[in-house]
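*Asks:* I have a structure here, written as structure tokens, and I will follow up with some questions on it.
The values are calculated or read from the model by the stated rules, or taken from the named source; none is laboratory data. What you see is a predicted model; the values in this text were computed from it and never measured. All Cβ positions, glycine included, derive from the backbone under ideal geometry; neighbour counts span all protein chains shown.
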Amino acid sequence: MSFDLQYAYILHNNLGGMGPDDPSTPPSMRFVNVGTIYHPTAGAIHFDVELTNQSSYTPHDASLNGLTNGRFARVNLACEHSVALRATLVRSCALAPSCRMCADSGLHPSARIACYAAGCSCFGATVYNEASCSPTIASAARASYACPAMHDPIVLPHEALASMTAYDLDSDARGEYHEQLTVPAYEYYRTPLRAASDNDVQSTIFVNHATRQFTGTAPANASDMPTDPQALSDAQASRGVQFFFRPQRGFIEATFAVSYTGSASTCDGRSLLFAGDSAFAAATTEPTAATATATFAAAAITSTTCTAATQPSSTLVAYAFAATAEHATSHTAAAAVSTATITTATDRAAAIATTAFSATTTTSVASAAFTTTAHPSVTIAPTSPAAATHAPATIATAAILATTFYTTFYTTTSIVSTAASTLAATSYTSAAVDARSIEQHL
């Protein structure tokens, strides 16, 4: 599970009571409607992220705090200071996708009208036309944002993973500024991030595994400030690190510190940039088996018992994907696949096809792509409710499986990734290669 700040609203921006919002607002940053999780019975649950300081906080320039480039949260910090931060996932008062998505300038006018007409949340108020979320009305909706559950943390199953990415960890031209992030409870991390060029990028972040500290070493360059977490330059990718957590208590914690070793009597502060998912990171650290599914649906992995993503058996893949389908579609028939012993790429493809098509009798994030993907080796009947019809080896190769699976996730969750086309064209010759490759791309 992750979050996306692109269409988030800022409810208040007053970390540690230091502004820039009015001092009467809560001493935190709260980003509204940043993501959605799916409950088997309650359905879609929208959530906010509230950022608080757990230690004293001294900014250099608090006016820099908030959203940067519309996609990143920013926390400014004075030199020779540190701050312990906590990001808590809390229930949102929003009951529909953010209206900021409908206001996207890239939308065709007809698509914009349809987006509003389908219902969107203007902060916490559901509206059905653009005029109902005008700047004046949105300001009023912000001021009145409240609901009984707005302080309830989102506590995920202990098998679930949440992700957060830190960007632009660097130094200065003389190496006198040091930005350091300490993350005590990550499950695993990835650095560098994946560059849009798909070049082989080397991380410029020094990792101290003993202390769980991540220190930027590259000289700063204003042009290296990222503008889109899904489209990073090589330099931007080298300065980022993605963390995966098990947020069993509903929050993620990290400490940001800035030090200075130069001779000047004063120094400027530095800023921490973070967001949810980046372009999927290049694999540098071996994760556990439960991480072999997309972070979008990681909460679904509730029964995985495999111990290594590189094990020869493809049982891991069946477990993870089947559990994902079961959770995301509230369809328990997938459990049968999750316990099956899958021994070949063809059997695995058939089993996952069974999972997807079993779910076509419910609202499914997966079935749409499986029923519309055009491949000469795939023979499917989209309207058939019988999973048994699709259980035989109608998806002939692991390469077709990869294509179909990636089409599912990247077309139905609005996630854009250049890595998808790369993996889709790859031929996998064994279950071990398939498991490892899918794990690395996810």
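*Asks:* Looking at the structure I just gave you, is Cys93 in contact with a His (Cβ under 8 Å, 6 or more places away or on another chain), hydrophobic (A, V, I, L, M, F, W, C) and either on the phi < 0 side of the Ramachandran plot or crowded, with 18+ Cβ neighbours inside 10 Å (or both)?
*Replies:* Values: in contact with a His (Cβ under 8 Å, 6 or more places away or on another chain): no; hydrophobic (A, V, I, L, M, F, W, C): yes; either on the phi < 0 side of the Ramachandran plot or crowded, with 18+ Cβ neighbours inside 10 Å (or both): yes.
No, not satisfied.
*Asks:* Determine which single condition Glu159 fails, assuming it passes every other condition in (1) at pLDDT 95 or above; (2) in contact with a Ser or Thr (Cβ under 7 Å, 6 or more places away or on another chain).
*Replies:* Of everything listed in (1) at pLDDT 95 or above; (2) in contact with a Ser or Thr (Cβ under 7 Å, 6 or more places away or on another chain), Glu159 misses just condition (1).
*Asks:* What are the pairs with Cβ atoms under 7 angstrom where one residue, in region 231-251, is at positive phi and the other, located anywhere, is surrounded by fewer than 18 Cβ atoms within 10 Å (Cβ to Cβ) and not charged (D, E, K, R)? Sequence gap at least six, or different chains.
*Replies:* These pairs meet every condition: Gly250/Pro153; Gly250/Val155.
*Asks:* Need the failing condition index for Ala290 against (1) surrounded by fewer than 23 Cβ atoms within 10 Å (Cβ to Cβ); (2) modelled with pLDDT under 95, just the number.
*Replies:* Failing condition for Ala290: (1).
*Asks:* Okay, next question. Would you mind finding the one in Ala185, Ala131, Ala173, Ala140 that is surrounded by fewer than 19 Cβ atoms within 10 Å (Cβ to Cβ), over 22 Å from Thr36 (Cα atoms) and in contact with an Asp or Glu (Cβ under 7 Å, 6 or more places away or on another chain)? Steps first, please.
*Replies:* Working: Ala131 fails: in contact with an Asp or Glu (Cβ under 7 Å, 6 or more places away or on another chain); Ala173 fails: in contact with an Asp or Glu (Cβ under 7 Å, 6 or more places away or on another chain); Ala140 fails: in contact with an Asp or Glu (Cβ under 7 Å, 6 or more places away or on another chain).
Only one candidate qualifies: Ala185.
*Asks:* Could you tell me whether Ser144 is over 27 Å from the mean Cα position of the chain (by Cα) and among the hydroxyl-bearing types (Ser, Thr, Tyr)?
*Replies:* Details: over 27 Å from the mean Cα position of the chain (by Cα): yes; among the hydroxyl-bearing types (Ser, Thr, Tyr): yes.
In short, yes.
*Asks:* Can you pull out every residue in region 25-56 that is in a loop (DSSP other than H, G, I, E, B), surrounded by fewer than 18 Cβ atoms within 10 Å (Cβ to Cβ) and in contact with a strand residue (DSSP E or B) (Cβ under 8 Å, 6 or more places away or on another chain)? Outline the logic, then answer.
*Replies:* Residues of region 25-56 in a loop (DSSP other than H, G, I, E, B): 25-28, 40-42, 54-56.
Now narrow it down to the ones that are surrounded by fewer than 18 Cβ atoms within 10 Å (Cβ to Cβ): 25-27, 40-42, 54-56.
The answer is Thr25, Pro26, Pro27, Gln54, Ser55, Ser56.
*Asks:* Considering only region 177-198, state which residues are over 15 Å from Leu272 (Cβ atoms) and of a type in the set (S, T, N, Q). Talk me through it step by step, then tell me what you get.
*Replies:* Our first condition is that a residue be over 15 Å from Leu272 (Cβ atoms); within region 177-198, this holds for 184-198.
If the condition is that a residue be over 15 Å from Leu272 (Cβ atoms) and of a type in the set (S, T, N, Q), then Thr191, Ser197 are the ones that fit.
*Asks:* Quick one: Ser278 ticks every box in (1) farther than 23 Å from Glu50 by Cα; (2) at pLDDT below 95 bar one, so which box is it?
*Replies:* The one condition Ser278 does not meet is (1).
*Asks:* If Val32 passes every condition in (1) modelled with pLDDT of 95 or more; (2) among the aliphatic types (A, V, I, L, M); (3) farther than 18 Å from Phe251 by Cα; (4) not assigned by TED's automatic domain parsing to the domain that holds Gln230 but one, which one does it miss?
*Replies:* Status for Val32: all satisfied but (3).
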